[in-house]
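A.B. asks: Let me give you the structure first, and then I'll get to my questions.
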Amino acid sequence: MQADLGAGAGRLPALVIANATVFDGSAAPRFAADVAIDGDRIQALGRPGSLRGSATIDASGLALAPGFIDVHTHDDRMLVDGGGMEPKVSQGVTTVVAGNCGISLAGLSGRGRPPQPLDLLDPAGDWFRFPTFRAYFEAFEQHPAATNAAFLAGHSTLRIAAMDDPGRAASPAECRRMCAAIDEAMEAGAIGLSTGTFYPPAAAAPTAELIELSRRLTAGGGLYVTHMRNEAEAILPAIDETLEIGRACGIGVVISHHKVAGLANHGRSVETLARIADAMQRQPVALDCYPYDASSTVLSASRLAMSSRVQVAWSTPHPECAGRDLARIAADWGVSAEVAVQRLQPAGAIYFMMDEADVQRILAFPETMVGSDGLPHDASPHPRLWGTFPRVLGHYSRDLGLFPLEVAVHKMTGLPAHRFGLHGRGVVEAGAFADLVLFDPATVADTATFEAPVQPAAGIRAVLVNGTPVWRDGQATGARPGRVLRRGARP
Ligand SMILES: [Zn+2]
């Protein structure tokens, strides 16, 4: 924490954030410091009151942390469709990982309306216009977003592009086409492969196909990131399959939005976390979760029985139903819930199907990272889109005392930067990228609710991406300093 601006520097750093309480992302105890920022980097840390800059923000009473890394997003389209990223920068998020659950925007073009769940990115299909990752990255870099982004190649997207019928195992020729697409993505700078074997376009893919494709990740150290085949009764075999793929290919695996779904499975996170903790002793395993007891994805009758309540998030033929309970819609129409589901398609929904005790147990597990799984194009989205990070900081850390604020920050900064190989991010130290969030630990809170889900968080004072402010005092600045974070890129 020594002031070290260089004896002959002769020029003040552009900005000093003075008298801050620093949470450096490592889970180490908080400390008081001045932080100098110049260009896209943190130039120095110094004792409170010791540093001078061309501009100064007095951060007395405020927390300064590395910008949050949202490890599980479906922001592929939002990043290149204006790129303002308000749901994210308003929470203090400075980097997102996109292309999750087997769904990437890149890798498919000119096929018209996509099947579920690719329609979560764009029901009309117009945005599926990037045949390669290189083409997508070029579009991003011509019109950068407000946040940084790292990308996964989506297995379901590649299957739709490579196969005439994704309802079966891929043939050798189709596997070769997908392997070539994965090679292209990795050479362009993708950080791994995501799968969503839970969903129809990939459910017929056997473990052998997943292993064959994932072998393309081994040489470059790519990650296998998965929305597993099953998060309910058969969750343990699904975890075992994920671990087997990681071992067979010698790669790290990430279990996405870990949960146990359905009333019959409440409490089973005791079993799943024990299985994961045991595997971590032998192979690299990571996991993330969002801090809510309701999930959200496409609308499907198969999930009605395991949910206590279903709320419609969007519907193409019935946009007026967004935000309404499915049971009320069905009653108004005088039909069964199953018939209402049919009439609403294509559509998305929110499912109340988890146990709060499981949510807290998974969130508090030391290796669990935070990912929003927010769906930015839903008319009435799950509140996780706008509220995930402040909810962990405010509700779970400060109000419920589930873990200290240092641990909460680590779960959304240093831990994911390490697991995803995002070098120079997720830390507050001299030389790191100046991705930073300044927030009030006494008031930080999610304000988005299931009834009113589009609400910026409270208590987020300033957010910087690569040294440039993107959010100040409740408003986006309009700046677009975000970058593509390519696999293996060094600061
Ligand atoms: Zn998913």
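A.B. asks: Across segment 363-391, which residue is surrounded by the fewest Cβ atoms within 10 Å (Cβ to Cβ) among those that are aliphatic (A, V, I, L, M) and out of contact with any Lys or Arg (no Cβ under 7 Å at 6 or more places or on another chain)?
C.D. replies: Step by step, filter segment 363-391, then rank; the result is ALA364.
A.B. asks: Could you please let me know if THR73 is at pLDDT 95 or above, crowded, with 24+ Cβ neighbours inside 10 Å and assigned to a loop (DSSP other than H, G, I, E, B)?
C.D. replies: Answer is yes for this residue.
A.B. asks: Oh, and also: Among the residues of segment 206-219, are any touching a Phe, Trp or Tyr at 6+ places or on another chain (Cβ under 7 Å), closer than 28 Å to GLY189 by Cα and of a type outside the set (Gly, Ala, Ser)?
C.D. replies: yes
A.B. asks: Can you pull out the residues in segment 273-292 that are away from the ligand (no atom under 16 Å from the Cβ) and either within 24 Å of the chain's Cα centre (by Cα) or of a type in the set (Gly, Ala, Ser) (or both)?
C.D. replies: LEU273, ALA274, ARG275, ILE276, ALA277, ALA279, MET280, GLN283, PRO284, VAL285
For every residue, the table says whether it meets (1) surrounded by 15 or more Cβ atoms within 10 Å (Cβ to Cβ); (2) touching an Asp or Glu at 6+ places or on another chain (Cβ under 7 Å); (3) part of a helix (DSSP H, G or I).
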| residue | (1), (2), (3) |
| --- | --- |
| ARG216 | yes, yes, yes |
| TYR224 | yes, no, no |
| ILE239 | yes, no, yes |
| ILE245 | yes, no, yes |
| GLY267 | no, yes, no |
| LEU273 | yes, no, yes |
| ILE276 | yes, no, yes |
| ARG282 | no, no, no |
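A.B. asks: Exactly one of these conditions fails for VAL253: (1) surrounded by 14 or more Cβ atoms within 10 Å (Cβ to Cβ); (2) more than 16 Å from the ligand (Cβ to nearest atom); (3) not basic (Lys, Arg). Give me its number.
C.D. replies: For VAL253, the exception is condition (2).
A.B. asks: Limited to segment 29-45, what total is found for residues that are over 25 Å from ARG490 (Cα atoms) and either touching a residue at least 40 places away in the same chain (Cβ under 8 Å) or surrounded by fewer than 22 Cβ atoms within 10 Å (Cβ to Cβ) (or both)?
C.D. replies: Counting residues in segment 29-45 that are over 25 Å from ARG490 (Cα atoms) and either touching a residue at least 40 places away in the same chain (Cβ under 8 Å) or surrounded by fewer than 22 Cβ atoms within 10 Å (Cβ to Cβ) (or both) gives 4.
A.B. asks: Sticking with this one: Find the residue count for segment 79-120, including only residues that are within 23 Å of ASP473 (Cα to Cα) and among the hydroxyl-bearing types (Ser, Thr, Tyr).
C.D. replies: Selection size over segment 79-120: 3.
A.B. asks: Can you tell me which residue is nearest to TYR224 (Cα to Cα) among those in segment 128-154 that are part of a helix (DSSP H, G or I) and aromatic (Phe, Trp, Tyr)?
C.D. replies: Ranking the qualifying residues of segment 128-154, first place goes to PHE133.
A.B. asks: If a residue has to be over 22 Å from PRO453 (Cβ atoms) and either within 16 Å of the ligand (Cβ to nearest atom) or among the small types (Gly, Ala, Ser) (or both) to count, how many in segment 98-113 make the cut?
C.D. replies: 9
A.B. asks: What's the number of the condition PHE140 fails, among (1) surrounded by fewer than 16 Cβ atoms within 10 Å (Cβ to Cβ); (2) more than 30 Å from GLY267 (Cβ to Cβ)?
C.D. replies: Single failed check for PHE140: (1).
A.B. asks: Among the residues of segment 343-350, is any assigned to a helix (DSSP H, G or I) and within 16 Å of the ligand (Cβ to nearest atom)?
C.D. replies: Taking every residue of segment 343-350 in turn, none turns out to be assigned to a helix (DSSP H, G or I) and within 16 Å of the ligand (Cβ to nearest atom).
A.B. asks: Kindly indicate whether any position in segment 119-127 is in the same structural domain as VAL370 (by TED's automatic domain parsing), part of a loop (DSSP other than H, G, I, E, B) and within 16 Å of the ligand (Cβ to nearest atom).
C.D. replies: Yes: one or more hits.
A.B. asks: Here are GLY348, GLY374: which of them is closer than 28 Å to PRO66 by Cα and modelled with pLDDT of 95 or more?
C.D. replies: Only one candidate passes the filter, namely GLY374.
A.B. asks: Give MET369, MET354 a once-over and let me know the one that is within 16 Å of the ligand (Cβ to nearest atom), under 23 Å from the mean Cα position of the chain (by Cα), of a type outside the set (Lys, Arg) and assigned to a loop (DSSP other than H, G, I, E, B).
C.D. replies: MET354
A.B. asks: Right, here's the next one. Can you give me the number of residues within segment 421-468 that are within 22 Å of VAL407 (Cβ to Cβ) and not in a loop (DSSP other than H, G, I, E, B)?
C.D. replies: Going through segment 421-468 one residue at a time, the tally reaches 9.
A.B. asks: Step by step: first the residues of segment 175-201, then only those that are within 14 Å of the ligand (Cβ to nearest atom) and part of a helix (DSSP H, G or I), then the one that is surrounded by the fewest Cβ atoms within 10 Å (Cβ to Cβ). Which residue is that?
C.D. replies: PRO200
A.B. asks: Is there any pair linking a residue in segment 453-470 that is under 12 Å from GLY67 (Cα atoms) and not assigned by TED's automatic domain parsing to the domain that holds GLY39 to one that is modelled with pLDDT of 95 or more and not in a loop (DSSP other than H, G, I, E, B), with Cβ under 7 Å and at least six apart or on different chains, and which?
C.D. replies: none
A.B. asks: Which residues, taken from segment 213-250, are within 16 Å of the ligand (Cβ to nearest atom), over 23 Å from ALA162 (Cα atoms) and in contact with a Gly (Cβ under 7 Å, 6 or more places away or on another chain)?
C.D. replies: Matches in segment 213-250: ALA232 only.
A.B. asks: Then there's this: Among the listed residues LEU393, LEU385, LEU375, LEU363, identify the single one that is part of a helix (DSSP H, G or I) and over 17 Å from ALA27 (Cα atoms).
C.D. replies: LEU385
A.B. asks: Also: Failed condition for PHE450, given (1) aromatic (Phe, Trp, Tyr); (2) surrounded by fewer than 24 Cβ atoms within 10 Å (Cβ to Cβ); (3) within 20 Å of the chain's Cα centre (by Cα); (4) in the same structural domain as GLY220 (by TED's automatic domain parsing), with all others met?
C.D. replies: Just one mismatch for PHE450, condition (4).
The values are calculated or read from the model by the stated rules, or taken from the named source; none is laboratory data. These figures come from a predicted structure and were not determined experimentally. Note: ideal-geometry Cβ built from the backbone for every residue, glycine included; neighbour counts use all protein chains shown.
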